[in-house]
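Step one of this worksheet: look at the structure below.
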Amino acid sequence: MNKRHFLKNITLLGLGTPFIGKASIEKVLAKGTKQLPEVLAKDEAYWSTIRSYYLLKPDYINLENGYYNILPQEILEDYIKHIRDVNYHGAYYMRTVQFDNKKAMANKVATLLGCTTDEFILTRNTTESLDMIISGYPWKAGDEAIFAEQDYGSMIEMFKEVALRHGITNKIISIPNHPFSDDEIVSLYRNAITPNTKLIMVSHMINITGQIMPIQQICEMAHSMGVEVMVDGAHAVAHIQFNITDLQCDYYGASLHKWLSVPLGVGMLYIKKEKINKIWPLLAENTTVETISRLNHIGTHPVHTDLAISNAIDFYNKLGAANKEARLRYLQQYWTSKVRNVGKIIVNTPKEAHKSCAIANVGIQGISPKELAETLLKKYSIYTVAIDGANVHGCRITPNVFTTTKELDQLIAALKEMAI
């Protein structure tokens, strides 16, 4: 078989039955281009049709879509075909076109995010991406790192390990749930910087509250003081619209199994070109290579998942980035606006629409987050996740494009009943 011919067709042709509903999906999605995103966001009939493209478990209302986004059936069927394709070709695929296909998928994600492939690699998840930077950074005893207690636990633990190994100091700040301004946030990081500070980690979107951070302002401030910035973008990719190069960060890691709806097992890492050679790889293969590929060795892994990236991006583009963001923000504002300042209800997410999108966090005075989550599931058939720490006490509520306002009405009613 001709390698070039195989490379061109393997992601387009599957060995299984084609997804029957793809043509009808495209017709419906095309209608979304005829309305302004803010108008389409409120069109329940349109989004009800989008919902029909997902197979959803009827036992409960799923409002914990921040961990892993359920795949629409179109992507799921394509993914299954990729598994069959790789299995059919076996070692031939693994020894020949695997690497070219991965580069092609990386290029497609890089294009989506506004960066170049010579600064971009595919990983397995956000944790791998950012832990590679944290553990591979050229630390020296006495160096300092800054991060927030609201940042993701896996990265915080890696900073703790690096402190033990290299003798660095970790300076931990706390992000207010309701900041007065972006300047307040930037000042928190600025005031923690000393001449020994080397790296700041900051979440693009705080995973436990959904608060969107002023990344560009933080980067500009940090760079003016000679400090690098690493961004945890786990919840931002295909959730909100942005361009990585516009952010001006030095490092950016994310998972693609969240808002882009790629099957489990794919993440991404961006490194500003001039920073690549200073980072030690997580797993070594050829450390003499001077390109970003020196950081991309992970051994044998489920390569069929990489192929599904193209299908996920195609679906995302057909849905429309602006349409998706507008709908997600509308859903969050829909329910939070109806429970803020109601009785004992506490919303731990900023009120301003531009400071969050789909994710929000809600608590009730006198009820622990664990009890709140258990009651929502057992009594009201609403699935969420409890968050109890880092000045955030409540349940993370994360709808998706298939979530309906009727489902959110049930959440609103449940919260009000529990808050009496």
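See the values below:
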quantity	calculated
Euclidean distance between Cα centres, segment 381-411 to segment 46-78, Å	16 Å
Scaled radius of gyration (Cα, divided by 2.2 N^0.38 Å) that the chain gives	1.01
Candidates Arg51, Arg327, Arg124, ranked by Gaussian network fluctuation over the chain, Cα under 10 Å, top entry	Arg51
Equivalent-ellipsoid semi-axes of segment 98-312, from the Cα gyration tensor, Å, largest first	27, 20, 15
Cubic angstrom per residue, convex hull over Cα atoms of segment 254-323	108 Å³
Segment 66-130 - Rg over Rh from alpha carbon coordinates, Kirkwood radius	1.01
Lys, Arg +1 and Asp, Glu -1 on Cβ, resulting dipole of segment 323-418 about Cα centre, debye, nearest 20	180 debye
Listed residues Asn191, Asn170, Asn400, most fluctuating in the chain (Gaussian network, C-alpha, under 10 Å)	Asn191
Over segment 145-256, volume per residue of the alpha carbon convex hull, in Å³	99 Å³
Cross-link pairs Lys102/Lys273; Lys198/Lys355; Lys102/Lys406; Lys102/Lys272; Lys103/Lys258; Lys42/Lys355 - those with Cα-Cα distance over 31 Å	Lys102/Lys406
Gap separating the Cα centres of segment 351-377 and segment 133-189, nearest whole Å	25 Å
Dipole moment magnitude, nearest 20 debye, the chain about Cα centre, only Lys, Arg, Asp, Glu C-beta charged	880 debye
Listed residues Ala360, Thr405, Pro138: farthest to the positive end of the dipole of the chain (Cβ charges)	Thr405
Listed residues Ala360, Ala45, Ala238, most fluctuating in the chain (Gaussian network, C-alpha, under 10 Å)	Ala45
Under the Debye formula (equal points on every Cα, no solvent term), log10 I(q)/I(0) of segment 323-418 at q = 0.21 Å⁻¹	-1.06
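Quick note: the coordinates plus some simple rules give every number you see, no bench work behind them. Fair warning: this is a prediction, and the values are worked out from it, not measured in the lab. Every residue, glycine as well, gets a Cβ built from its backbone with ideal geometry; the counts of neighbours run over all protein chains shown.
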